[in-house]
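Engineer: Would you mind keeping the following structure in view while I ask a few things?
The values are calculated or read from the model by the stated rules, or taken from the named source; none is laboratory data. If you're wondering where the values come from, they're calculated on a predicted model, not measured in any experiment. Reconstructed Cβ throughout: ideal geometry from the backbone, glycine too, with neighbour counts over all protein chains shown. Note: accessible area is taken over every heavy atom of the protein model, side chains too, but ligands, DNA and RNA are not part of it. Shrake-Rupley method; radii C 1.70, N 1.55, O 1.52, S 1.80 Å.
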Amino acid sequence: MANLPKHRCLPLLVVVLAMIVFSPLMTPGSGVRILFGLIWAVVFGVASYFVFPTRKWLLRYVVMVVLLVTIRSLEPALDYPVWAAGTSAVLTILITSAALIGLVQHALFAKVRTEFDRTLAAIAGYFLIALLWARFYELITLVDPQTFIGRNGPIVGPTEDTILYFSLISLTTVGFGDVTAINPYARLLAGMEGAVGTLYIAVVIASLIGRLLAKTK
């Protein structure tokens, strides 16, 4: 335990929050989106390695990132084909899922130097769910560009920040109604995301509180 940094989940949480904050810059088909995606792949991997410092994790991540970087780099030359965007989304889903599973395990079962680090893992995992579901919505919008409808009518080809915004309000079950899913598969996904968000808070947060209470006795 002595060789473990106290807050090894903090870099990953910062990266996840930065991905959400800078999502409005991710305009489809723009060079900024490609550059941001490549930077995210590298930084996210480094931050994740702090949490899961194993060769197995590193090897799998490097393979997926190399594929992702290759596809993202080819997108401009290929005039942004749908299959490239779909493949990028699938690879991002795999990367995010691996990190999410690891964070949940870290929050619930891993040995940590401070309970604060366990809390950071739980918070990062919660926001990763929103990022993960956003990629599922992205896959649907590639097939059905009018997946979402706003107050002024259908949102054709929604931007990254719109998709992520819908994912966040679905996860938190807020549902302002300014963006609504009309595609049946997106509607089902939104319902599942709300259920997962509720269960996540009930299970993970309750577990953290239980640990704290047990230590105070």
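Engineer: Looking at the range 156-182 only, could you name the residues that are crowded, with 19+ Cβ neighbours inside 10 Å and modelled with pLDDT under 90?
Structural biologist: 158, 160
Engineer: Which residues, counting only those in the range 86-125, are open to solvent by 10 Å² or more (accessible area, probe 1.4 Å) and among the polar types (S, T, N, Q)?
Structural biologist: 87, 92, 97, 105, 114, 119
Engineer: Let me ask something else about it. Could you pull out the residue among 104, 112 that is at pLDDT 80 or above and either touching a strand residue (DSSP E or B) at 6+ places or on another chain (Cβ under 7 Å) or on the phi < 0 side of the Ramachandran plot (or both)?
Structural biologist: On the way: 112 fails: at pLDDT 80 or above.
Of the residues listed, the single one that is at pLDDT 80 or above and either touching a strand residue (DSSP E or B) at 6+ places or on another chain (Cβ under 7 Å) or on the phi < 0 side of the Ramachandran plot (or both) is 104.
Engineer: Continuing with the same structure: Evaluate the following for residue 199: is it within 23 Å of residue 98 (Cα to Cα), assigned to a helix (DSSP H, G or I) and open to solvent by less than 50 Å² (accessible area, probe 1.4 Å)? Working first, answer last.
Structural biologist: Values: within 23 Å of residue 98 (Cα to Cα): yes; assigned to a helix (DSSP H, G or I): yes; open to solvent by less than 50 Å² (accessible area, probe 1.4 Å): no.
It is false that residue 199 is within 23 Å of residue 98 (Cα to Cα), assigned to a helix (DSSP H, G or I) and open to solvent by less than 50 Å² (accessible area, probe 1.4 Å).
Engineer: Return the pair list, or none, for Cβ contacts closer than 7 Å from residues in the range 137-150 that are farther than 11 Å from residue 181 by Cα to residues that are loosely packed, with under 15 Cβ neighbours inside 10 Å, at least 6 apart or on different chains.
Structural biologist: Going by the 7 Å Cβ cut-off, the qualifying pairs are 142/82; 145/156; 145/157.
Engineer: Still on this structure: When you scan the range 202-216, do you find a residue that is farther than 25 Å from residue 50 by Cβ and touching a Leu at 6+ places or on another chain (Cβ under 8 Å), even just one?
Structural biologist: Scanning the range 202-216, I find no residue that is farther than 25 Å from residue 50 by Cβ and touching a Leu at 6+ places or on another chain (Cβ under 8 Å), so the answer is no.
Engineer: Return only the number of the condition from (1) without any contact (Cβ under 8 Å) to a residue 60 or more places away in the chain; (2) open to solvent by less than 60 Å² (accessible area, probe 1.4 Å); (3) part of a helix (DSSP H, G or I) that residue 185 does not satisfy.
Structural biologist: Residue 185 satisfies all of (1) without any contact (Cβ under 8 Å) to a residue 60 or more places away in the chain; (2) open to solvent by less than 60 Å² (accessible area, probe 1.4 Å); (3) part of a helix (DSSP H, G or I) except (2).
Engineer: Next up: Residue pairs, Cβ under 9 Å, 6 or more apart or interchain, first in the range 44-73 and among the small types (Gly, Ala, Ser), second outside any helix (DSSP H, G or I) and at pLDDT 80 or above. List them.
Structural biologist: Listed by first residue and then by second, the contacts come to 47/9.
Engineer: Which of the residues spanning the range 134-154 are open to solvent by 60 Å² or more (accessible area, probe 1.4 Å) and among the β-branched types (Val, Ile, Thr)?
Structural biologist: 143
Okay, residues lined up against (1) within 16 Å of residue 190 (Cα to Cα); (2) assigned to a helix (DSSP H, G or I):
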{"position": "124", "(1), (2)": "no, yes"}
{"position": "128", "(1), (2)": "yes, yes"}
{"position": "131", "(1), (2)": "yes, yes"}
{"position": "137", "(1), (2)": "yes, yes"}
{"position": "142", "(1), (2)": "no, yes"}
{"position": "149", "(1), (2)": "yes, no"}
{"position": "163", "(1), (2)": "yes, yes"}
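Engineer: Any residue at all in the range 29-48 that's open to solvent by less than 50 Å² (accessible area, probe 1.4 Å), at pLDDT below 80, touching a helix residue (DSSP H, G or I) at 6+ places or on another chain (Cβ under 7 Å) and not in a helix (DSSP H, G or I)?
Structural biologist: No, every residue in the range 29-48 fails to be open to solvent by less than 50 Å² (accessible area, probe 1.4 Å), at pLDDT below 80, touching a helix residue (DSSP H, G or I) at 6+ places or on another chain (Cβ under 7 Å) and not in a helix (DSSP H, G or I).
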